[in-house]
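J.: One structure follows; several queries about it will come next.
The values are calculated or read from the model by the stated rules, or taken from the named source; none is laboratory data. As the structure is a computational prediction, the values presented were derived from the model and not from experiment. We place every Cβ from the backbone using ideal geometry, glycine too, and count neighbours over all the protein chains shown.
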Amino acid sequence: MAKKVAVLFVCLGNICRSPTAHGVFRQLVLNQGLNERIQIDSAGTAAYHVGKAPDSRSTLVAKERGIDMSDLRARKVDFGDFIEYDYILAMDEANFNHLKAMALPEHYSKIKLFLDYSQEFEEREVPDPYYGGATGFDHVFDLVESASKGLLAHIKQQNL
Ligand code: 4NP
């Protein structure tokens with residue numbers, strides 16, 4: 001069987017934005033019967049929250065929208081990720097730059113801004129919701145849902 005297409009979502013803490021992307025994209029992939037073809041994970045560029053479940057504010061918004069991500073646990077990006085993953089999707093420019101600084105030039109083309117795959121939103125960054133109010137988490141979900149759909153359409157066209 002062909003190697004799976006491997007997708008890694010990356011934010012700062014791996015407790016808000018990237019686990020939301022992980023949970024949403026995983027459900028889309030499952031709904032389309034593609035879970036044997038696509039490998040999914042998420043990670044953070046910082047280690048502050050390693051081992052923790054997603055932030056309860058993210059988990060609640062996701063649950064309200066039919067996504068269960070309570071099984072996910074935070075981890076930090078490591079060098080092996082640049083070899084293993086085909087799509088390394090940064091939630092914002094700071095994480096994008098951090099990933100580029102960690103990677104070898106031969107891996108640069110795998111690193112992209114996740115929102116480049118959104119058809120509906122002009123924004124390029126998923127804003128960090130950690131220190132803001134509840135509406136920030138809803139907006140994160142909307143952006144993530146849009147980019148997840150665009151990403152899956154792209155992968156189906158390019159890789160499957
Ligand atoms: P995330 O959000 O990068 O979307 O997981 C954050 C989580 C924690 C912190 C910042 C952002 N923090 O500073 O602890």
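J.: Can you confirm whether ALA2 is in a loop (DSSP other than H, G, I, E, B), within 12 Å of the ligand (Cβ to nearest atom) and over 17 Å from VAL144 (Cα atoms)?
T.: no
J.: So which of MET69, MET102 ends up being away from the ligand (no atom under 13 Å from the Cβ), of a type in the set (A, V, I, L, M, F, W, C) and modelled with pLDDT of 95 or more?
T.: MET102
J.: Check ASP92, ASP71 and return the single one that is farther than 17 Å from VAL7 by Cβ and in contact with an Asp or Glu (Cβ under 9 Å, 6 or more places away or on another chain).
T.: ASP92
J.: Does the stretch 118-137 hold any residues that are loosely packed, with under 15 Cβ neighbours inside 10 Å and assigned to a helix (DSSP H, G or I), and which are they?
T.: ALA134, THR135
J.: For residues that are touching an Asp or Glu at 6+ places or on another chain (Cβ under 6 Å) and more than 9 Å from the ligand (Cβ to nearest atom), tally how many sit in the stretch 5-41.
T.: 4
J.: Here is a follow-up. Looking at ALA62, ALA53, can you tell me which residue is modelled with pLDDT of 95 or more, within 23 Å of THR135 (Cβ to Cβ), surrounded by fewer than 22 Cβ atoms within 10 Å (Cβ to Cβ) and of a type in the set (Gly, Ala, Ser)?
T.: After applying the criteria, what remains is ALA53.
J.: Out of the residues in the stretch 42-66 that are of a type in the set (Gly, Ala, Ser) and within 11 Å of the ligand (Cβ to nearest atom), which is farthest from SER118 (Cα to Cα)?
T.: Only one residue tops the list, namely ALA47.
J.: If you scan the stretch 98-117, which residues turn out to be surrounded by 13 or more Cβ atoms within 10 Å (Cβ to Cβ) and not aromatic (Phe, Trp, Tyr)?
T.: Once the filter is applied, which keeps residues that are surrounded by 13 or more Cβ atoms within 10 Å (Cβ to Cβ) and not aromatic (Phe, Trp, Tyr), the stretch 98-117 yields HIS98, LEU99, LYS100, MET102, ALA103, HIS107, LYS110, ILE111, LYS112, LEU113, LEU115, ASP116.
J.: Any idea which of GLY80, GLY23 is part of a helix (DSSP H, G or I), of a type in the set (Gly, Ala, Ser), in contact with a helix residue (DSSP H, G or I) (Cβ under 6 Å, 6 or more places away or on another chain) and at pLDDT 95 or above?
T.: One residue alone meets the criteria, GLY23.
J.: Only residues that are over 15 Å from the mean Cα position of the chain (by Cα) and within 13 Å of the ligand (Cβ to nearest atom): list them for the stretch 105-138, please.
T.: TYR130, TYR131, GLY132, GLY136
J.: Of the residues that sit in the stretch 65-86 and are over 15 Å from the mean Cα position of the chain (by Cα) and not acidic (Asp, Glu), which one is surrounded by the most Cβ atoms within 10 Å (Cβ to Cβ)?
T.: So, considering only residues that are over 15 Å from the mean Cα position of the chain (by Cα) and not acidic (Asp, Glu), the one surrounded by the most Cβ atoms within 10 Å (Cβ to Cβ) is ARG65.
J.: Moving to a separate point now. Here are some conditions: (1) touching a Leu at 6+ places or on another chain (Cβ under 8 Å); (2) within 13 Å of PHE9 (Cα to Cα); (3) part of a loop (DSSP other than H, G, I, E, B). ALA74 meets all but one. Which one does it not meet?
T.: Answer for ALA74: the failing condition is (1).
J.: Working only within the stretch 139-160, note down all residues that are over 27 Å from ALA2 (Cα atoms) and away from the ligand (no atom under 16 Å from the Cβ).
T.: Hit for the stretch 139-160 is SER146, nothing else.
J.: Has the stretch 102-112 got at least one residue that is outside any helix (DSSP H, G or I), over 25 Å from GLU36 (Cα atoms) and not small (Gly, Ala, Ser)?
T.: There is at least one residue in the stretch 102-112 that is outside any helix (DSSP H, G or I), over 25 Å from GLU36 (Cα atoms) and not small (Gly, Ala, Ser).
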